[in-house]
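Written out below as structure tokens is the structure these notes cover.
What follows is calculated from the coordinates using simple rules that are stated; it is not laboratory data. Note that this is a predicted model, so its numbers are computed, not measured. Virtual Cβ from ideal backbone geometry, glycine too; neighbours counted across all protein chains shown.
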């Protein structure tokens, strides 16, 4: 049976030692409430809930799956009871405004808790996870009346939320959507259409579900400029907040999926369902990006979660599984064979998982700090700077961490050998569950176009500079530190090359716009390796300082240095290929005529 143990020591390392969370929280309004003692208590309780309530339901939820009966969806055994305990513990309200019933703690702390919940049971975590995005959208764009009527119960956890974008004939290209919104005399709208791939669209865990829906008004312009955003509740809500009759929204079926079987992925039918406009008419896509950006950081967490889960279980297995003798002589002479962790190739796979999980954790937590600053920074300048940095990091975090999370999940299966292919070990489920992360909330290709085209080239590289300046300052501060040279020299080189490659692609794109699409995924992966190189260099420096100062955790810090060494010697060199392929041009991709593709 697979197991999950909350990696609290490494989480605290990332929060307290790498990113100085105490100093960060001191700059936020209400941040003084987030004392180290309170944060530790929240982490400990979150770990207990994840380990004791959610992890035991992970495999059983996958085996049982959700059940659809006459439009009603029933979640796997134990899911509803776990959700009731989640609500009872006050977890949904952790990082929302006290004015609306929240606890007022920083958003970044909520993201840390989401890691615990998601790694223990990703399928279950999606039910409250989608609600968080709905809450952020209502908080940012809802009227006072809408917030009181819909947001407060969501924050309390009595209701859950969804995002309803995709339709059968359109995926990412939302300009093609056909769902209609016809005005009613009372100021509401009749919403009609079908949405697909709606996570947590129907279930039995909460008393009401609030759908955030994209639809078109009758006189709307064509394309993305004619999309509006609507609130559509599963049950109508009376003026006193009580529930009335069922609205005209129903689940037509459940999708038959490769993984995340414990989460209901629904086809949702809207049959003149009563909805309410949120935000300005025809500006729905702008408002929806509040939801989508939240979801993309959440999906970056999924990549981290599958890397961590794969690493934990394959490490345990590698220490116990006996196979062959070490090439340098027996390491366990009292046993008939050595544990497979002694073999270099198994070490390669374990270190790859560890490097991606712990480096990814630092990246996600750093991005979460930018969320705090963008929403609550002391000055407009600080808020805008954080927003710019976050806009640059979000597609990298989403796409790179899900790609490497899937790689890590596959490595976990490989370490188990034939047993990895057998369901009771949990590794094949981890692979299946992780595969979706590179698809939803925008595929890797979509994230790459967003990064290179919109975020970098359209800003003349300004968003890229918001991060490369951080790296440059760090390198300058350590340039005379001999212990840091193995990291600083390659980090400086890649930071410089990053800008040069960007300029080269930009120049080519001025002649042929296909050059952006041809380079984008390689550019994004290159960027991901560069970003993690910075965090591993920072981790190495922090570990060196702790060892020099004297510590009773020398083994922990030495492991950080060893993993940083592995990252720089074995993983960062992947950028050499990417640097060549991203500038190889679009011609080799486009020269074959469409009709010449054959089989």
Inset, instruction - Determine the equivalent ellipsoid of the range 139-212 by diagonalising the alpha-carbon gyration tensor, then write out the semi-axes as square roots of 5 times the eigenvalues, largest first, rounded to whole Å. - result: 23, 18, 12
Legend entry - For the range 234-252 versus the range 123-171, the gap between their alpha-carbon centres in whole angstrom: 15 Å
Inset, instruction - Give, in nm to one decimal, the length gained when the segment between residue 588 and residue 511 is fully stretched (0.36 nm per residue of separation minus the Cα-Cα distance). - result: 26.1 nm
Inset, instruction - Give me the angle, in degrees from 0 to 90, between the Cα long axis of helix 107-120 and the longest principal axis of the Cα atoms of the chain, rounded to the nearest 10. - result: 80 degrees
Inset, instruction - Determine one quarter of the surface area of the Cα convex hull of the range 460-586, which equals its mean projected area, and express it in nm² to one decimal. - result: 8.0 nm²
Inset, instruction - Only helical DSSP H runs with n ≥ 4 go in: add -39500 (n - 2.57) per run for the chain, normalise by residue count and round the 222 nm mean residue ellipticity to 500 deg cm²/dmol. - result: -17000 deg cm²/dmol
Inset, instruction - Calculate the spin-label point distance for residue 332 paired with residue 286, positioning each point 7 Å from the Cα along the beta-carbon direction, and give it in nanometres. - result: 6.2 nm
Legend entry - Label-point separation in nm, residue 480 to residue 462, each point 7 Å along Cα→Cβ: 3.5 nm
Legend entry - Pairwise centroid distance, computed over Cα atoms, of the range 460-477 with the range 480-508, Å: 10 Å
Legend entry - the range 386-541 - percent relative contact order, Cα under 8 Å, separation 6 or more: 28 percent
Inset, instruction - With an 8 Å cut-off on Cα pairs and a minimum separation of 6 or more residues, tell me the relative contact order of the chain in percent. - result: 12 percent
Legend entry - Net lengthening on full extension, residue 348/residue 503 (0.36 nm per residue, minus Cα-Cα): 52.3 nm
Legend entry - Principal-axis tilt of helix 514-549 within the chain, Cα atoms, nearest 10 degrees: 60 degrees
Inset, instruction - State the Kirkwood hydrodynamic radius of the range 208-256 in Å, one decimal place, computed from all pairs of distinct Cα atoms. - result: 13.0 Å
Legend entry - From the coordinates shown, Cα Rg over 2.2 N^0.38 Å corresponds to which of (1) 1.21; (2) 1.04; (3) 0.98: (3)
Inset, instruction - Mark the label point 7 Å from the Cα of residue 473 along Cα→Cβ and return the residues of the range 506-541 whose backbone N is within less than 13 Å of it. - result: none
Inset, instruction - Give me the percent of DSSP beta bridges within the range 173-325 that run antiparallel, rounded to the nearest 5. - result: 95 percent
Legend entry - Set of the range 10-27 residues, backbone N closer than 19 Å to the point 7 Å along the Cα-Cβ line of residue 38: 12, 15-16, 20-27
Legend entry - Zone of residue 419's modelled label, taken as backbone nitrogen in the range 312-341 under 11 Å from a point 7 Å along Cα→Cβ: 314-323, 340
Legend entry - Between the range 308-369 and the range 395-443, the Cα center-to-center distance that results, in Å: 16 Å
Inset, instruction - Give, in nm to one decimal, the length gained when the segment between residue 570 and residue 239 is fully stretched (0.36 nm per residue of separation minus the Cα-Cα distance). - result: 113.0 nm
Legend entry - Degrees separating the helix 554-566 axis from the principal Cα axis of the chain, which is the longest one: 90 degrees
Legend entry - Where labels lie 7 Å past Cα in the beta-carbon direction, separation of residue 562 and residue 271 in nm: 6.3 nm
